[in-house]
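The values are calculated or read from the model by the stated rules, or taken from the named source; none is laboratory data. Worth saying up front: this structure is predicted, and the values here are computed from it rather than measured. Note that each Cβ is placed from the backbone with ideal geometry, even for glycine, and that neighbours are counted across all protein chains shown.
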Amino acid sequence: MEPAPQTENYYEAIGVWSKAPFGTARMYAIGFILSLFLTLGSYILVIYHVFSSPVLMGCIIALAVFQLIAQLVFFLHFGGGEKASKLRLLILVISVSYTLIIVGGSMWIMLNLNQRMMPTTRQMESYMRSQSM
Amino acid sequence: MLTEAERHEDQTTIFGFWVYLMTDALLFASLFAIYAVLHNTSFGSPTGAELFNAPFVLAETIILLASSFTCGLGILSAYKDSKGGVISWFSATWLLGLAFLVMELNEFSSLIRAGHSYASNGFLSSYFTLVGTHGLHITIGLIWIAIMIASVAFRGLTRSTKRRLMLASLFWHFLDIIWIFIFTLVYLMAFK
């Protein structure tokens with residue numbers, strides 16, 4: 001008797017489909033609901049000005065990062081444990097590092113330059129007015 | 001079903017596309033950096049807080065999120081070899097994506113008509129470039145998804161169409177992730 005032919009699923013065969021419970025409708029639904037709450041949460045925090053500005057800024061950035069992770073895990077099947085996903089994670093971490101360096105570095109440099117720059121005529125006028133000269 | 005060579009080739013293609021998406025993320029990183037530097041250079045003209053419409057942007061965000069969800073369900077249908085499911089869910093994705101694009105174009109055109117164009121000041125230049133580049137990616141994504149729907153309708157779910165559906169869905173999910181950051185760092189930051 002010949003053994004039954006192995007019918008592999010295409011996505012599993014190329015290693016992009018993590019084993020259940022990852023690849024089910026439930027995971028996509030959880031990801032969607034979670035992202036929805038995180039989005040609405042950020043929105044409500046800002047529109048109702050729940051915290052002071054700096055705290056608020058930190059909160060919405062944290063919520064955005066959580067939503068990034070939620071979407072990576074639930075929509076993009078991250079963290080399934082196959083060999084391919086470890087390499088994807090490495091590339092992601094490298095790219096995030098570059099992003100932080102580019103954005104953070106640019107902000108640091110430009111804010112520093114702004115502080116060292118002479119005020120423009122308009123800025124000088126409004127300063128003098130505020131000092132009642 | 002797949003030979004070892006075919007398996008390796010497709011796995012490599014999908015990984016390569018992921019690397020491309022990371023370089024695209026670096027492109028957006030530069031645009032974010034520019035916006036970070038220029039976002040308060042409106043020099044007396046209306047700022048983001050005055051120009052942006054919060055509920056409208058929230059609606060856009062939810063619509064794009066929903067399209068990412070339907071895209072996921074479309075890939076699930078491809079996993080289950082359901083050709084009808086793929087066409088239905090990817091069509092839903094396409095319609096939601098189109099709604100997002102129409103809303104965004106509406107937003108841009110009303111800003112420009114009111115005199116706040118990308119040439120008005122540094123803040124608006126950087127805003128239009130960042131959000132506009134995302135919108136351009138969305139447009140390309142919509143063209144790609146439309147082609148995929150036609151491809152699956154005429155050729156069915158073959159090895160090629162399944163691979164390409166995966167790539168298109170990776171692109172679409174990536175765009176939603178970038179939008180999370182645009183929504184947070186451009187729109188919500190303006191209102192804080």
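Looking at segment B:82-91, is at least one residue touching a His at 6+ places or on another chain (Cβ under 9 Å), modelled with pLDDT of 95 or more, assigned to a helix (DSSP H, G or I) and not charged (D, E, K, R)?
Just the residues of segment B:82-91 that are touching a His at 6+ places or on another chain (Cβ under 9 Å), to begin with: none.
No.
Taking segment A:48-86 only, how many residues are closer than 25 Å to B:Phe17 by Cβ and outside any helix (DSSP H, G or I)? Steps first, answer last, please.
So the first thing to find is which residues in segment A:48-86 are closer than 25 Å to B:Phe17 by Cβ, and the list is A:64-65, A:67-86.
Then keep just the ones that are outside any helix (DSSP H, G or I); that gives A:75-82.
So the answer is 8.
To keep it simple, each residue is scored yes or no on (1) touching a Gly at 6+ places or on another chain (Cβ under 7 Å); (2) hydroxyl-bearing (Ser, Thr, Tyr).
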{"site": "A:Ser52", "(1), (2)": "no, yes"}
{"site": "A:Cys59", "(1), (2)": "no, no"}
{"site": "A:Ala62", "(1), (2)": "no, no"}
{"site": "A:Phe66", "(1), (2)": "no, no"}
{"site": "A:Ile69", "(1), (2)": "no, no"}
{"site": "A:Phe75", "(1), (2)": "yes, no"}
{"site": "A:Leu90", "(1), (2)": "no, no"}
{"site": "A:Ile101", "(1), (2)": "no, no"}
{"site": "A:Gly105", "(1), (2)": "no, no"}
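Out of B:Phe43, B:Phe100, I need the residue that is touching a residue at least 12 places away in the same chain (Cβ under 8 Å) and either assigned to a helix (DSSP H, G or I) or aliphatic (A, V, I, L, M) (or both). Which one? It would help to see each step written out before you state the result.
Numbers: B:Phe43 fails: either assigned to a helix (DSSP H, G or I) or aliphatic (A, V, I, L, M) (or both).
Testing whether each residue is touching a residue at least 12 places away in the same chain (Cβ under 8 Å) and either assigned to a helix (DSSP H, G or I) or aliphatic (A, V, I, L, M) (or both) leaves just B:Phe100.
Conditions (1) over 16 Å from the mean Cα position of the chain (by Cα); (2) under 30 Å from A:Glu12 (Cα atoms), marked per residue:
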{"position": "A:Ile44", "(1), (2)": "yes, no"}
{"position": "A:Ile60", "(1), (2)": "no, no"}
{"position": "A:Ala64", "(1), (2)": "no, no"}
{"position": "A:Lys86", "(1), (2)": "yes, yes"}
{"position": "A:Val93", "(1), (2)": "no, yes"}
{"position": "A:Tyr98", "(1), (2)": "no, no"}
{"position": "A:Met124", "(1), (2)": "yes, no"}
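Which of the numbered conditions does B:Ser117 fail, given that it passes all the others? Conditions: (1) touching an Asp or Glu at 6+ places or on another chain (Cβ under 8 Å); (2) not in a helix (DSSP H, G or I).
(1)
Scan (1) over 26 Å from B:Val86 (Cβ atoms); (2) in a helix (DSSP H, G or I) for the single condition B:Ser151 breaks and write down its number.
So B:Ser151 meets the others, but not (1).
Given the conditions (1) within 29 Å of A:Leu45 (Cβ to Cβ); (2) of a type outside the set (A, V, I, L, M, F, W, C); (3) touching a Ser or Thr at 6+ places or on another chain (Cβ under 7 Å); (4) without any contact (Cβ under 8 Å) to a residue 24 or more places away in the chain, report the number of the one that B:Ser110 does not fulfil.
That leaves (3) as the condition not met.
So if I check each of B:Thr93, B:Thr23, B:Thr3, which one is more than 21 Å from the chain's Cα centre (by Cα) and either free of Cβ contacts under 8 Å to residues at least 12 places away in the same chain or over 30 Å from A:Trp108 (Cβ atoms) (or both)? Walk me through how you get there before you give the answer.
Numbers: B:Thr93 fails: more than 21 Å from the chain's Cα centre (by Cα); B:Thr23 fails: more than 21 Å from the chain's Cα centre (by Cα).
Step by step, each of B:Thr93, B:Thr23, B:Thr3 is checked, and only B:Thr3 is more than 21 Å from the chain's Cα centre (by Cα) and either free of Cβ contacts under 8 Å to residues at least 12 places away in the same chain or over 30 Å from A:Trp108 (Cβ atoms) (or both).
Given the criteria out of contact with any His (no Cβ under 7 Å at 6 or more places or on another chain) and over 30 Å from B:Gly44 (Cα atoms), does B:Leu111 qualify? Lay out the reasoning, then the answer.
Values: out of contact with any His (no Cβ under 7 Å at 6 or more places or on another chain): yes; over 30 Å from B:Gly44 (Cα atoms): no.
For B:Leu111, the condition - out of contact with any His (no Cβ under 7 Å at 6 or more places or on another chain) and over 30 Å from B:Gly44 (Cα atoms) - is not met.
Sort out which residues of segment B:14-65 are more than 7 Å from chain A (Cβ to nearest Cβ), touching a Gly at 6+ places or on another chain (Cβ under 9 Å), closer than 19 Å to B:Thr133 by Cα and not β-branched (Val, Ile, Thr), and write them in order of number.
Once the filter is applied, which keeps residues that are more than 7 Å from chain A (Cβ to nearest Cβ), touching a Gly at 6+ places or on another chain (Cβ under 9 Å), closer than 19 Å to B:Thr133 by Cα and not β-branched (Val, Ile, Thr), segment B:14-65 yields B:Leu38, B:His39, B:Leu64.
Looking at the structure I just gave you, is A:Leu89 surrounded by 12 or more Cβ atoms within 10 Å (Cβ to Cβ), part of a helix (DSSP H, G or I), more than 9 Å from chain B (Cβ to nearest Cβ) and out of contact with any Cys (no Cβ under 8 Å at 6 or more places or on another chain)?
Details: surrounded by 12 or more Cβ atoms within 10 Å (Cβ to Cβ): yes; part of a helix (DSSP H, G or I): yes; more than 9 Å from chain B (Cβ to nearest Cβ): yes; out of contact with any Cys (no Cβ under 8 Å at 6 or more places or on another chain): yes.
It is true that A:Leu89 is surrounded by 12 or more Cβ atoms within 10 Å (Cβ to Cβ), part of a helix (DSSP H, G or I), more than 9 Å from chain B (Cβ to nearest Cβ) and out of contact with any Cys (no Cβ under 8 Å at 6 or more places or on another chain).
Which is crowded, with 22+ Cβ neighbours inside 10 Å, within 14 Å of chain A (Cβ to nearest Cβ) and part of a helix (DSSP H, G or I), of B:Leu185, B:Leu124, B:Leu165? Break it down stepwise before answering.
Details: B:Leu185 fails: crowded, with 22+ Cβ neighbours inside 10 Å; B:Leu124 fails: within 14 Å of chain A (Cβ to nearest Cβ).
After applying the criteria, what remains is B:Leu165.
Consider B:Ala78 against the criteria (1) within 19 Å of B:Ile149 (Cα to Cα); (2) surrounded by 15 or more Cβ atoms within 10 Å (Cβ to Cβ); (3) away from every other protein chain (no Cβ under 14 Å); (4) small (Gly, Ala, Ser): it satisfies all of them except one. Which criterion is unmet?
Looking at each condition in turn, B:Ala78 falls short on (3).
Kindly evaluate B:Leu142 against the criterion of being within 14 Å of another protein chain (Cβ to nearest Cβ), part of a helix (DSSP H, G or I) and modelled with pLDDT of 95 or more.
Values: within 14 Å of another protein chain (Cβ to nearest Cβ): no; part of a helix (DSSP H, G or I): yes; modelled with pLDDT of 95 or more: yes.
When the stated conditions are applied, B:Leu142 does not pass them.
Just a yes or no: is a residue in segment B:51-60 free of Cβ contacts under 8 Å to residues at least 60 places away in the same chain, closer than 30 Å to A:Gln115 by Cα and assigned to a helix (DSSP H, G or I)?
Within segment B:51-60, not a single residue is free of Cβ contacts under 8 Å to residues at least 60 places away in the same chain, closer than 30 Å to A:Gln115 by Cα and assigned to a helix (DSSP H, G or I).
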